[in-house]
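The values are calculated or read from the model by the stated rules, or taken from the named source; none is laboratory data. Nothing here was measured: the structure is a model prediction, and the numbers come from that model. Glycine also receives a Cβ, built like all others from the backbone with ideal geometry; neighbour counts cover every protein chain displayed.
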Amino acid sequence: MRGFVDETSLEVGSGKGGAGCVSLRREKYIPKGGPDGGDGGKGGDVVFQIKRNLRTLAHLRFKRIINAGNGRPGEGRKKHGADGEDAVILLPPGALIKDFDTGEVLHDFAQDESDWVFLKGGKGGLGNMNFATSRHQTPRFAQPGLPGQSRKIIIEINIIADIGFVGFPNAGKSTLLGRLTNANPRVGSYPFTTKIPNLGVYALDDQDIVLADIPGIIEGASHGAGLGIRFLKHIARTRGLLFLIDVSQENYLDSFEILLGELKAFSPELAERRRVILATKMDTEGSDEALAKLIEKYQDEEIHGISVFSGLGMDKIKDIFSRLVLQEE
């Protein structure tokens, strides 16, 4: 996901309708034919379309204005002007379109992935052949085409995943994702190795579930500290959350409270999702005692210890995912 772009603004416009034509039929042996001006073509629409293999908005990064084509004017001999070309804007699944000024949600593609016509093009004007009457047989006027519409919008994407990994930097989220899926996230022993969301697909019986590893949260993230809350929105649509707690860190006993507090500050609804706590790095010295203290402090939470490197506890992952994703509410 190099060049990951999850938000952009655009000014989009539909096309203007073509003008109707003023024309009088003039042919050999018919010197005074009637009106034969054709209608103008319709302006192009602005259409949003989901493309499933897109994952970011990088293809729109350097585009600020997108306009549909204008309708062509009508011509003599009752020829209809060509319709303007639609502006088809491709988006990844989970895209959200908002009004630039008010922030109002105009369309949520997580609810409906069918093509969405956002702005309709202007109607083409009628040619003078439409205005002939018995009393006015040679009208010398036609309609202009109607103008198109323009709107400034914000496009956001919220990655659609089934389970989101939540944890402080260097808690082992990327390592676990790489072990469970074919994802190849960057892994390192320093904070903020992950600076963009990573996705992986895990085969759970006959169903594929999508796992999302977001950049590590730090205390104060909901107020902009560290990488801030920019990436928290990418787990807003998950069905379950996996909290990863590094038991080798001094503050491991307080980690869950801090993480949950940041989620509540961002979205109280998100903080109520099904969740499981994984105590990571159980291959380190003193980890058994640390796990026991963690379980004692959070008796109402489901807690398991794992080590990706030794394989300890990894046999429980399938059952954990099944309960997070497949069980009914």
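Residues to consider are Val47, Val22; find the one that is under 23 Å from Gln111 (Cα atoms) and in contact (Cβ under 8 Å) with a residue 60 or more places away in the chain.
Val47
Looking at region 100-109 only, could you name the residues that are free of Cβ contacts under 8 Å to residues at least 60 places away in the same chain, touching a strand residue (DSSP E or B) at 6+ places or on another chain (Cβ under 9 Å) and part of a loop (DSSP other than H, G, I, E, B)? Give the steps one after another, and end with the answer.
In the first step, residues of region 100-109 are kept if they are free of Cβ contacts under 8 Å to residues at least 60 places away in the same chain; the result is 101-108.
Of the ones still in play, those that are also touching a strand residue (DSSP E or B) at 6+ places or on another chain (Cβ under 9 Å) are 101, 103-108.
Those that are free of Cβ contacts under 8 Å to residues at least 60 places away in the same chain, touching a strand residue (DSSP E or B) at 6+ places or on another chain (Cβ under 9 Å) and part of a loop (DSSP other than H, G, I, E, B): Asp101, Gly103, Glu104.
Look through Lys123, Lys63, Lys79, Lys98 and report the one residue that is in the same structural domain as Val22 (by TED's automatic domain parsing) and within 12 Å of Gly145 (Cβ to Cβ).
So the residue among Lys123, Lys63, Lys79, Lys98 that is in the same structural domain as Val22 (by TED's automatic domain parsing) and within 12 Å of Gly145 (Cβ to Cβ) is Lys123.
Mind telling me which of the residues Phe165, Phe109, Phe131 ends up being among the aromatic types (Phe, Trp, Tyr) and surrounded by 23 or more Cβ atoms within 10 Å (Cβ to Cβ)?
Exactly one residue qualifies, and that residue is Phe165.
Could you check, for region 246-254, whether at least one of its residues is more than 23 Å from Ile320 (Cα to Cα), of a type in the set (S, T, N, Q) and at pLDDT below 75?
No: region 246-254 contains no residue that is more than 23 Å from Ile320 (Cα to Cα), of a type in the set (S, T, N, Q) and at pLDDT below 75.
For region 143-173, give me each residue that is outside any strand (DSSP E or B) and within 22 Å of the chain's Cα centre (by Cα).
Within region 143-173, Asn158, Ile159, Ile160, Ala161, Asp162 meet the criteria.
Inside region 240-278, can you point out the residues that are touching a helix residue (DSSP H, G or I) at 6+ places or on another chain (Cβ under 8 Å), more than 19 Å from Asp300 (Cβ to Cβ), outside any helix (DSSP H, G or I) and charged (D, E, K, R)?
Within region 240-278, just Asp246 meets the criteria.
Starting from residues that are closer than 30 Å to Asp288 by Cβ and crowded, with 21+ Cβ neighbours inside 10 Å, keep the ones in region 216-234 and report whichever is modelled with the highest pLDDT.
Per the stated criteria, the residue is Ile217.
Looking at this structure, is Ile97 assigned to a strand (DSSP E or B), among the β-branched types (Val, Ile, Thr) and surrounded by fewer than 18 Cβ atoms within 10 Å (Cβ to Cβ)?
On the way: assigned to a strand (DSSP E or B): yes; among the β-branched types (Val, Ile, Thr): yes; surrounded by fewer than 18 Cβ atoms within 10 Å (Cβ to Cβ): no.
So Ile97 fails the test.
How many residues does region 310-329 hold that are loosely packed, with under 12 Cβ neighbours inside 10 Å and part of a loop (DSSP other than H, G, I, E, B)?
Going through region 310-329 one residue at a time, the tally reaches 5.
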